[in-house]
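The values are calculated or read from the model by the stated rules, or taken from the named source; none is laboratory data. Quantities reported herein were computed from a predicted structural model and do not represent experimental measurements. Cβ coordinates were reconstructed from backbone atoms using ideal geometry, including for glycine residues, and neighbour counts include every protein chain displayed.
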Ligand code: FAD
């Protein structure tokens, strides 16, 4: 049995810890916050119609979330259909352009991209699209909102998943997404140490890894770093690296996003309306009780977040969202809940996206161990980058690698003992 340190109790760290615990390893999870889940963060919002669970972070369970669905059923949790599609958004500030126009242009872009193997940026692809510049901008907005980075930086491959245009269904965890990390952390019990911030991780020359937190030091046989990209890039947390890893990290972009929640007077129909100009979208969706009387909004891309100046003028986004959604009854005195992820030092942004040049081989290098230090996190996942599913898959892969390494080490020491 090995002693394994897991850094971060988001979905990546918790998935790794659960798999290691199931394999009988001794684990300790260090989490700086006082709760598990990281960027999965459900809270209750008061509305004139009662209290409802909203998602301040990750919301939609999307197509292909096989690992997340497996974990949900392992912990006795279920999904609820949102009653609308994450992928389909009506442009609310572009008269004359419909959702169908965007879907059609999105499909054309994908067809065009398949001939060039999606090697360039999304912007390079948009530049090749014939047709109405306003429609192309609506498509650009859709890409920038969902990837949370600029179309001129992100790979055109993002159109395949996170910025897809196909009207597929989407779900949420019944009772709130936070229920999954809560259940996982609950199963792990007291090995999860909250309020303990990691400051440094160091391979020890004769084997093992030294972890320094603000509470002291510990030595492990192996460590899984499941911290967000921005924290990994932060010089205040000293982590081992090598040339290949640094080069691979160079192709990973940090996305920025914010969310807004506004209580509604009456129960609305489900809806999804995007502001092309403001680079945000708004929606109303169902939970297990029916359509929730809350307007949800998500703004994505660094330039949109900077332009909106949310920390100084949060009321401006509220006013704009009210105007965009004049179809809804938002009480005049409604208290708005704004969450700006870039301002959270334990996240440093929303989620990652890949730039052109992030090949499958390069992305695999992000998970390659440096000594006895292993890596997990949504940023390192080739297919589900930026998403809950990516975080879970990366965590489980890291745990698998650690288990394999421990088995190899134990076989080697057995054969050395036999020789001796
Ligand atoms: P995290 O959840 O960030 O976990 C890392 C943990 O490390 C955190 O708990 C953090 O507190 C901790 N930590 C940080 N620094 C330290 C330190 N120095 N010491 C100790 N602990 C530390 N995904 C979807 O699938 N669907 C969506 O609809 C969706 N929408 C999103 C909307 C927003 C606004 C945001 C922000 C994210 C969204 N995501 C969505 C992405 C999803 O939240 C992430 O991909 C996923 O939760 C990341 O998990 P993780 O474990 O890699 O990182």
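Assessment of the stretch 394-416 against the conditions (in contact with a helix residue (DSSP H, G or I) (Cβ under 6 Å, 6 or more places away or on another chain) and either without any contact (Cβ under 8 Å) to a residue 12 or more places away in the chain or closer than 30 Å to residue 279 by Cβ (or both)) yields at least one matching residue.
Against the numbered list (1) part of a helix (DSSP H, G or I); (2) free of Cβ contacts under 8 Å to residues at least 60 places away in the same chain; (3) within 16 Å of the ligand (Cβ to nearest atom); (4) under 30 Å from residue 292 (Cβ atoms), residue 391 comes up short only at (2).
Any residue at all in the stretch 309-330 that is within 26 Å of the chain's Cα centre (by Cα), under 30 Å from residue 120 (Cα atoms) and free of Cβ contacts under 8 Å to residues at least 60 places away in the same chain? The answer is no; no qualifying residue exists.
Selection within the stretch 104-135: residues that are within 25 Å of residue 350 (Cα to Cα) and part of a helix (DSSP H, G or I). The member of this set that is nearest to the chain's Cα centre (by Cα) is 122. If you go through the stretch 338-388, how many residues are more than 10 Å from the ligand (Cβ to nearest atom) and either crowded, with 17+ Cβ neighbours inside 10 Å or within 30 Å of residue 205 (Cα to Cα) (or both)? So the answer is 21. From the list 141, 151, which residue is crowded, with 22+ Cβ neighbours inside 10 Å, away from the ligand (no atom under 11 Å from the Cβ), under 30 Å from residue 62 (Cα atoms) and free of Cβ contacts under 8 Å to residues at least 40 places away in the same chain? The conditions single out 151. Look through 328, 387, 366 and report the one residue that is touching a helix residue (DSSP H, G or I) at 6+ places or on another chain (Cβ under 9 Å) and over 28 Å from residue 154 (Cβ atoms). Sole residue among the options that is touching a helix residue (DSSP H, G or I) at 6+ places or on another chain (Cβ under 9 Å) and over 28 Å from residue 154 (Cβ atoms): 328. Residues in the stretch 195-217 that are in contact with a helix residue (DSSP H, G or I) (Cβ under 9 Å, 6 or more places away or on another chain) and at pLDDT 95 or above: 198 only. Of the strands (runs of 3 or more DSSP E) lying entirely inside the stretch 1-63, those containing at least 3 residues that are within 11 Å of the ligand (Cβ to nearest atom) are 3-7, 26-31.
For the stretch 64-80, a residue qualifies if it is within 11 Å of the ligand (Cβ to nearest atom) and either more than 18 Å from the chain's Cα centre (by Cα) or within 15 Å of residue 168 (Cα to Cα) (or both), and the qualifying residues are 64, 65.
Looking only at the stretch 239-282, residues that are within 23 Å of residue 294 (Cα to Cα), surrounded by fewer than 20 Cβ atoms within 10 Å (Cβ to Cβ) and under 19 Å from the mean Cα position of the chain (by Cα) come to 0 in all.
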